[in-house]
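See structure below.
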Amino acid sequence: MALITKSIKGTQDTLPSESHKVRFVEQTALEVAGNCGFREIRIPVFEHTELFQRGVGDTTDVVQKEMYTFLDKGERSITLRPEGTAGVVRSFLENGLYNEPMPQKLCYLVSCYRYEKPQAGRLREFHQFGLECLGTASPAADAEVIGIANDIFNFLGVRGLRLEINSIGCPACRKDYHKALREYFENRKGELCHTCLDRLERNPMRILDCKSPVCSEIAKDAPKALDYLCDECRTHFDSVQTYLRAMEIPFTVEPSIVRGLDYYTKTVFEFVSTEIGAQGTVCGGGRYDGLVEEIGGAHTPALGFAMGIERLLLLMDKQGLPFPEREKCSLYIATMGEKASFKAASIASVLRREGVEVQFDVVGRSVKAQMKYANKLGAAFTVVIGDSELESGIVRLKNMESGEENEVALEDFEGAFMRASLSESLKGLEDLGVGTGIDLDSIMNGNLF
Ligand code: ATP
Ligand code: MG
């Protein structure tokens, strides 16, 4: 096939065989967050570049190396969002959400764009489910947010994720900490990579997140933020841990986590898997008490997390977790001749209005080919309509799983189909041991409607 071009490196298509899995994960995340009062916000895919430079931080890898930035036709510098938080905070400020009751609990599903080296679990276009809780400094909010990520994983049946938490302090305690870091790295200056030399000047904490093997080896023995926390940050961190214990959420304090974005303060956390290779962080987040001010708003303590949908799906597939079945065709109407096709169109539109998935031939194939197609669709019921059925007014509704056929009047076809399909669902429930107390015969005899 001479395709004029292929998809962009680091992007992937989600085909119908997979899309229901993505939807299930997204729906579950929205529902779990919804139960804690988080409502969905939708933001644009691109923003003015300054937003990310200031919001994500211009000493971060994301801003220095990974952004998709271009000039639009008006010569404005535009960037495809590399993450969701900066855009959500911009929207929170621009739309005056700070006038609404606080905290504002916002969640989102976004595609993100980062110019990274594509590999398993690392794409150039990927998707995140994230949430932001704006307007609270309380450790209870930290625990609530961490608890939501934890609940999402539990609802999906994901096992074996390790929750690692740390505190990286606030601007007050960070002064001493930066000083200690500078002293430490100053002594090993000769071994640091080029980027880290610059980081040493501008933001020494970034060196702790450097992916180069030499720098990360040196970083292992660097001073830890935990040892420099001020009283307030220490008390906050202790309280977050008490909440997590009260909520029976297992965690490990991991002093080396700093997270890759500049805006974090106090609590930072990650959910990490060892089962999906090197890119094991499925969810990362933390508190960012200074970000709203940085973007131009009033001081607003806040926090959030983002989880990578692709990494989560990789892990779920790896663990062989069950997904709900893909939607299947409920009824396929095979037709012979134009008159039958008109009748099929009429039946289909009535049932589709009732929310039933109905298909009939829109290609002009033989009945045999139509039935083959119905089989491939996995249609639950089929019916054949031709001249003789139109004449007699009787058709045979076939249950494809049991093979059972029932004669029904064409005149009452829609009702007969609904009863047959309802009775099938009830049987399914009873097979699962759910008592419905409804008499199947009364349904089939039409007593229920
Ligand atoms: P990493 O250390 O893996 O690069 P990060 O610190 O850059 O992660 P965040 O910016 O915190 O990641 O994004 C939150 C989540 O989004 C990550 O934990 C991960 O699950 C997912 N994610 C980040 N970058 C990518 C990517 N390039 N491809 C796929 N998923 C990603
Ligand atoms: Mg990254």
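Residue by residue through the range 161-192, note down the ones that are small (Gly, Ala, Ser) and within 15 Å of PRO204 (Cβ to Cβ).
Step one: of the range 161-192, the residues small (Gly, Ala, Ser) are 167, 169, 172, 180, 190.
Answer for the range 161-192, where residues must be small (Gly, Ala, Ser) and within 15 Å of PRO204 (Cβ to Cβ): GLY169, ALA180.
Got a number for residues in the range 2-45 being of a type in the set (Val, Ile, Thr) and part of a loop (DSSP other than H, G, I, E, B)? Outline the logic, then answer.
At the first step, the residues of the range 2-45 found to be of a type in the set (Val, Ile, Thr) are 4-5, 8, 11, 14, 22, 25, 28, 32, 41, 43, 45.
Narrowing the set further to residues that are part of a loop (DSSP other than H, G, I, E, B) leaves 4-5, 8, 11, 14, 41, 43, 45.
Number satisfying all stated conditions: 8.
Identify all residues within the range 206-221 that are closer than 17 Å to GLU164 by Cβ and either in contact with a helix residue (DSSP H, G or I) (Cβ under 8 Å, 6 or more places away or on another chain) or without any contact (Cβ under 8 Å) to a residue 12 or more places away in the chain (or both); write none if there are none.
Taking the range 206-221 and keeping what is closer than 17 Å to GLU164 by Cβ, we get 208-209, 216, 219-220.
Across the range 206-221, the qualifying residues are LEU208, ASP209, SER216, ALA219.
Which of the residues belonging to the range 296-322 are within 25 Å of the chain's Cα centre (by Cα) and surrounded by fewer than 17 Cβ atoms within 10 Å (Cβ to Cβ)?
Selection gives ASP317, LYS318, GLN319, GLY320, LEU321, PRO322.
Scan (1) closer than 28 Å to ASP198 by Cα; (2) more than 16 Å from ligand 2 (Cβ to nearest atom); (3) of a type outside the set (Val, Ile, Thr) for the single condition GLY37 breaks and write down its number.
Going through the list (1) closer than 28 Å to ASP198 by Cα; (2) more than 16 Å from ligand 2 (Cβ to nearest atom); (3) of a type outside the set (Val, Ile, Thr), GLY37 breaks only (1).
Name the single residue that is farthest from GLU144 (Cα to Cα) among those in the range 71-111 being in a strand (DSSP E or B), more than 18 Å from the chain's Cα centre (by Cα) and in contact (Cβ under 8 Å) with a residue 24 or more places away in the chain.
Taking the range 71-111 first, the residues in a strand (DSSP E or B) are 71, 77-80, 104-111.
Applying the additional criterion that residues be more than 18 Å from the chain's Cα centre (by Cα) yields 71, 77-80, 104.
Add one more test, that the residue is in contact (Cβ under 8 Å) with a residue 24 or more places away in the chain, and what stays is 77-80, 104.
Numbers: SER77: 37, ILE78: 34, THR79: 32, LEU80: 30, GLN104: 14 Å.
Restricting to residues being in a strand (DSSP E or B), more than 18 Å from the chain's Cα centre (by Cα) and in contact (Cβ under 8 Å) with a residue 24 or more places away in the chain, the top hit is SER77.
From the list SER421, SER341, which one is of a type outside the set (Val, Ile, Thr) and more than 34 Å from the chain's Cα centre (by Cα)? Full working, then the answer.
On the way: SER421 fails: more than 34 Å from the chain's Cα centre (by Cα).
Of the residues listed, the single one that is of a type outside the set (Val, Ile, Thr) and more than 34 Å from the chain's Cα centre (by Cα) is SER341.
With the requirement that a residue be over 16 Å from ARG54 (Cα atoms) and either surrounded by 22 or more Cβ atoms within 10 Å (Cβ to Cβ) or acidic (Asp, Glu) (or both), what does the range 68-91 give you?
ASP72, GLU75
The numbers here are math on the coordinates, done by the rules we state, and not lab data. Just so you know, these numbers come straight off a predicted model, no measurement behind them. Because the Cβ atoms are built from the backbone with ideal geometry, glycine has one as well, and the counts that use them run over all protein chains shown.
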